Amino acid sequence: LKGIENKMKQKKQKERKLSKAELKRKAEFEQLTERLIAKGYKPNHITMSVFAANVFAILAALPLIILLVVSYFMIVGEISFRSRDFGIAYLLFLVLIFVHEALHGITWGMFAENGWKSISFGFIAEYLTPYCTCNQPLKKYQILTGSLMPTIILGVGLGIVSICTASPILLLVSALNICGGGADVTMSLKLLLYKSSSKDVLFMDHPYEVGTVVFEK
(Lines give C-alpha, C1' and ligand atoms only; values in the text may rest on other atoms or scores of the structure.)
Protein backbone atom coordinates (compact mmCIF):
# COMPACT_ATOMS: atom_id res chain seq x y z
CA LEU A 1 0.00 0.00 0.00
CA LYS A 2 2.82 2.39 0.79
CA GLY A 3 4.37 1.83 -2.63
CA ILE A 4 1.06 2.48 -4.39
CA GLU A 5 0.51 5.63 -2.30
CA ASN A 6 3.96 6.99 -3.19
CA LYS A 7 3.40 6.44 -6.92
CA MET A 8 -0.01 8.12 -6.84
CA LYS A 9 1.41 10.98 -4.77
CA GLN A 10 4.29 11.62 -7.18
CA LYS A 11 2.00 11.49 -10.21
CA LYS A 12 -0.63 13.84 -8.86
CA GLN A 13 1.86 16.31 -7.40
CA LYS A 14 3.25 16.83 -10.91
CA GLU A 15 -0.21 17.35 -12.39
CA ARG A 16 -1.91 19.61 -9.86
CA LYS A 17 -1.44 23.36 -10.17
CA LEU A 18 -1.69 25.44 -7.03
CA SER A 19 -4.20 28.27 -6.76
CA LYS A 20 -3.16 31.84 -5.88
CA ALA A 21 -4.25 31.27 -2.28
CA GLU A 22 -2.24 28.05 -2.10
CA LEU A 23 0.83 29.73 -3.60
CA LYS A 24 0.56 32.49 -0.99
CA ARG A 25 0.31 29.94 1.84
CA LYS A 26 3.23 28.04 0.33
CA ALA A 27 5.41 31.17 0.40
CA GLU A 28 4.40 31.94 4.00
CA PHE A 29 5.02 28.33 4.99
CA GLU A 30 8.50 28.38 3.43
CA GLN A 31 9.33 31.52 5.42
CA LEU A 32 8.10 29.89 8.63
CA THR A 33 10.13 26.77 7.83
CA GLU A 34 13.28 28.86 7.38
CA ARG A 35 12.73 30.52 10.77
CA LEU A 36 12.18 27.19 12.51
CA ILE A 37 15.23 25.63 10.83
CA ALA A 38 17.27 28.58 12.09
CA LYS A 39 16.06 27.71 15.59
CA GLY A 40 17.22 24.12 15.20
CA TYR A 41 14.07 22.40 13.94
CA LYS A 42 14.06 19.80 11.18
CA PRO A 43 10.90 19.47 9.01
CA ASN A 44 9.43 16.11 8.06
CA HIS A 45 6.52 16.03 5.61
CA ILE A 46 3.86 13.38 6.24
CA THR A 47 1.60 13.87 3.26
CA MET A 48 -0.36 12.13 0.51
CA SER A 49 -1.92 13.36 -2.72
CA VAL A 50 -5.59 14.35 -2.91
CA PHE A 51 -6.18 11.40 -5.23
CA ALA A 52 -4.50 8.95 -2.85
CA ALA A 53 -6.37 10.45 0.10
CA ASN A 54 -9.71 9.82 -1.62
CA VAL A 55 -8.73 6.21 -2.35
CA PHE A 56 -7.48 5.40 1.13
CA ALA A 57 -10.42 7.26 2.68
CA ILE A 58 -12.68 4.42 1.59
CA LEU A 59 -10.37 1.79 3.09
CA ALA A 60 -10.15 3.68 6.39
CA ALA A 61 -13.91 4.23 6.54
CA LEU A 62 -15.05 0.67 5.88
CA PRO A 63 -14.34 -0.77 9.37
CA LEU A 64 -16.23 2.09 11.07
CA ILE A 65 -19.17 1.80 8.68
CA ILE A 66 -19.38 -1.97 9.18
CA LEU A 67 -19.32 -1.49 12.96
CA LEU A 68 -22.04 1.17 12.70
CA VAL A 69 -24.33 -0.98 10.53
CA VAL A 70 -23.85 -4.05 12.71
CA SER A 71 -24.62 -2.00 15.84
CA TYR A 72 -27.74 -0.55 14.22
CA PHE A 73 -28.93 -4.00 13.17
CA MET A 74 -28.31 -5.53 16.60
CA ILE A 75 -30.00 -2.71 18.57
CA VAL A 76 -32.74 -1.48 16.22
CA GLY A 77 -33.34 -4.61 14.24
CA GLU A 78 -34.17 -4.75 10.54
CA ILE A 79 -32.84 -1.90 8.37
CA SER A 80 -35.46 -0.79 5.87
CA PHE A 81 -34.77 1.87 3.24
CA ARG A 82 -37.19 3.63 0.93
CA SER A 83 -35.90 4.71 -2.47
CA ARG A 84 -36.16 8.40 -1.55
CA ASP A 85 -34.06 7.88 1.59
CA PHE A 86 -30.89 7.68 -0.48
CA GLY A 87 -31.58 10.99 -2.23
CA ILE A 88 -32.42 12.76 1.04
CA ALA A 89 -29.31 11.35 2.71
CA TYR A 90 -27.09 12.49 -0.15
CA LEU A 91 -28.50 16.02 -0.11
CA LEU A 92 -27.93 16.24 3.64
CA PHE A 93 -24.39 14.97 3.14
CA LEU A 94 -23.66 17.69 0.56
CA VAL A 95 -24.77 20.36 3.03
CA LEU A 96 -22.72 18.81 5.84
CA ILE A 97 -19.55 18.87 3.72
CA PHE A 98 -19.27 22.57 4.57
CA VAL A 99 -20.04 21.84 8.23
CA HIS A 100 -17.24 19.25 8.11
CA GLU A 101 -14.68 21.87 7.07
CA ALA A 102 -16.07 24.40 9.55
CA LEU A 103 -15.55 21.90 12.39
CA HIS A 104 -11.90 21.55 11.37
CA GLY A 105 -11.51 25.32 11.42
CA ILE A 106 -13.37 25.94 14.67
CA THR A 107 -11.39 23.28 16.53
CA TRP A 108 -7.97 24.31 15.22
CA GLY A 109 -8.89 27.97 15.73
CA MET A 110 -9.50 27.27 19.43
CA PHE A 111 -5.94 25.98 19.77
CA ALA A 112 -4.06 28.33 17.41
CA GLU A 113 -2.31 31.37 18.86
CA ASN A 114 -4.06 33.76 16.44
CA GLY A 115 -7.39 31.97 16.66
CA TRP A 116 -9.71 32.20 13.67
CA LYS A 117 -7.15 34.33 11.76
CA SER A 118 -5.00 31.20 11.48
CA ILE A 119 -7.66 29.31 9.51
CA SER A 120 -8.03 29.23 5.72
CA PHE A 121 -10.73 27.59 3.60
CA GLY A 122 -10.63 26.72 -0.08
CA PHE A 123 -11.77 24.41 -2.85
CA ILE A 124 -9.71 22.21 -5.18
CA ALA A 125 -11.81 22.29 -8.35
CA GLU A 126 -9.83 19.51 -10.03
CA TYR A 127 -11.02 17.01 -7.41
CA LEU A 128 -14.23 18.79 -6.32
CA THR A 129 -12.69 18.83 -2.84
CA PRO A 130 -13.21 21.59 -0.25
CA TYR A 131 -10.54 22.00 2.40
CA CYS A 132 -9.59 23.76 5.62
CA THR A 133 -6.07 24.39 6.85
CA CYS A 134 -4.39 25.98 9.86
CA ASN A 135 -1.28 28.09 9.21
CA GLN A 136 0.21 27.85 12.70
CA PRO A 137 2.10 25.00 14.42
CA LEU A 138 0.12 23.04 17.01
CA LYS A 139 0.74 20.30 19.53
CA LYS A 140 0.10 16.73 18.48
CA TYR A 141 -3.15 16.27 20.39
CA GLN A 142 -4.42 19.61 19.06
CA ILE A 143 -3.90 18.80 15.40
CA LEU A 144 -5.34 15.31 15.89
CA THR A 145 -8.41 16.69 17.66
CA GLY A 146 -9.06 19.14 14.82
CA SER A 147 -8.50 16.47 12.19
CA LEU A 148 -10.90 13.96 13.74
CA MET A 149 -13.61 16.30 15.07
CA PRO A 150 -15.81 16.21 11.91
CA THR A 151 -15.73 12.41 11.76
CA ILE A 152 -16.47 12.14 15.47
CA ILE A 153 -19.46 14.51 15.34
CA LEU A 154 -20.90 14.01 11.85
CA GLY A 155 -19.91 10.37 11.49
CA VAL A 156 -19.88 8.58 14.83
CA GLY A 157 -22.16 11.11 16.55
CA LEU A 158 -24.86 10.97 13.87
CA GLY A 159 -24.49 7.20 13.82
CA ILE A 160 -25.35 7.03 17.53
CA VAL A 161 -28.30 9.36 16.95
CA SER A 162 -29.51 7.16 14.08
CA ILE A 163 -29.52 4.13 16.40
CA CYS A 164 -31.27 6.00 19.20
CA THR A 165 -33.96 7.29 16.83
CA ALA A 166 -34.09 4.21 14.58
CA SER A 167 -33.55 6.50 11.57
CA PRO A 168 -32.25 4.80 8.41
CA ILE A 169 -31.72 8.19 6.75
CA LEU A 170 -29.38 9.34 9.52
CA LEU A 171 -27.63 5.98 9.28
CA LEU A 172 -26.90 6.68 5.61
CA VAL A 173 -25.79 10.26 6.35
CA SER A 174 -23.51 8.98 9.08
CA ALA A 175 -21.94 6.41 6.74
CA LEU A 176 -21.36 9.05 4.06
CA ASN A 177 -19.73 11.38 6.59
CA ILE A 178 -17.48 8.59 7.81
CA CYS A 179 -16.38 8.11 4.20
CA GLY A 180 -15.89 11.86 3.92
CA GLY A 181 -13.62 11.76 6.97
CA GLY A 182 -11.68 8.71 5.85
CA ALA A 183 -8.69 10.76 4.71
CA ASP A 184 -8.63 12.53 8.09
CA VAL A 185 -8.65 9.16 9.84
CA THR A 186 -5.86 7.89 7.58
CA MET A 187 -3.62 10.89 8.27
CA SER A 188 -4.39 10.75 11.98
CA LEU A 189 -3.29 7.12 12.07
CA LYS A 190 -0.06 8.14 10.33
CA LEU A 191 0.55 10.76 13.02
CA LEU A 192 -0.29 8.37 15.85
CA LEU A 193 2.23 5.87 14.47
CA TYR A 194 4.86 8.57 13.98
CA LYS A 195 7.69 8.20 16.48
CA SER A 196 9.66 11.33 17.23
CA SER A 197 13.25 11.31 18.43
CA SER A 198 12.82 14.70 20.09
CA LYS A 199 10.75 16.02 22.98
CA ASP A 200 10.42 19.43 21.32
CA VAL A 201 8.05 18.77 18.40
CA LEU A 202 5.62 21.00 16.50
CA PHE A 203 2.89 19.83 14.13
CA MET A 204 1.52 21.96 11.31
CA ASP A 205 -1.25 21.24 8.85
CA HIS A 206 0.29 21.22 5.37
CA PRO A 207 -0.61 24.46 3.54
CA TYR A 208 -1.48 22.88 0.17
CA GLU A 209 -1.24 19.08 0.44
CA VAL A 210 -3.19 16.50 2.44
CA GLY A 211 -1.13 15.89 5.53
CA THR A 212 1.06 17.36 8.26
CA VAL A 213 4.55 18.76 8.57
CA VAL A 214 6.37 17.70 11.73
CA PHE A 215 9.10 20.00 13.03
CA GLU A 216 11.53 18.28 15.41
CA LYS A 217 14.20 20.18 17.34
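The values are calculated or read from the model by the stated rules, or taken from the named source; none is laboratory data. Computed from a predicted structure; not experimentally measured. With ideal geometry, Cβ positions are generated from the backbone for all residues, glycine too; neighbour counts draw on all protein chains shown. Each accessible area value is taken on the protein alone, full model and side chains, heavy atoms only, with ligands, DNA and RNA left out. Shrake-Rupley method; radii C 1.70, N 1.55, O 1.52, S 1.80 Å.
Observations
- Selection count where residues are of a type in the set (V, I, T), more than 24 Å from G122 (Cβ to Cβ) and either open to solvent by less than 40 Å² (accessible area, probe 1.4 Å) or assigned to a loop (DSSP other than H, G, I, E, B) (or both), scope the range 23-78: 2
- Options A21, A53: the member that is modelled with pLDDT under 90, within 26 Å of E216 (Cβ to Cβ) and aliphatic (A, V, I, L, M): A53
- Residue match in the range 142-161 (condition: touching a His at 6+ places or on another chain (Cβ under 6 Å) and more than 29 Å from F73 (Cα to Cα)): yes
- Meets criteria (touching a strand residue (DSSP E or B) at 6+ places or on another chain (Cβ under 7 Å) and small (G, A, S)) for G105: yes
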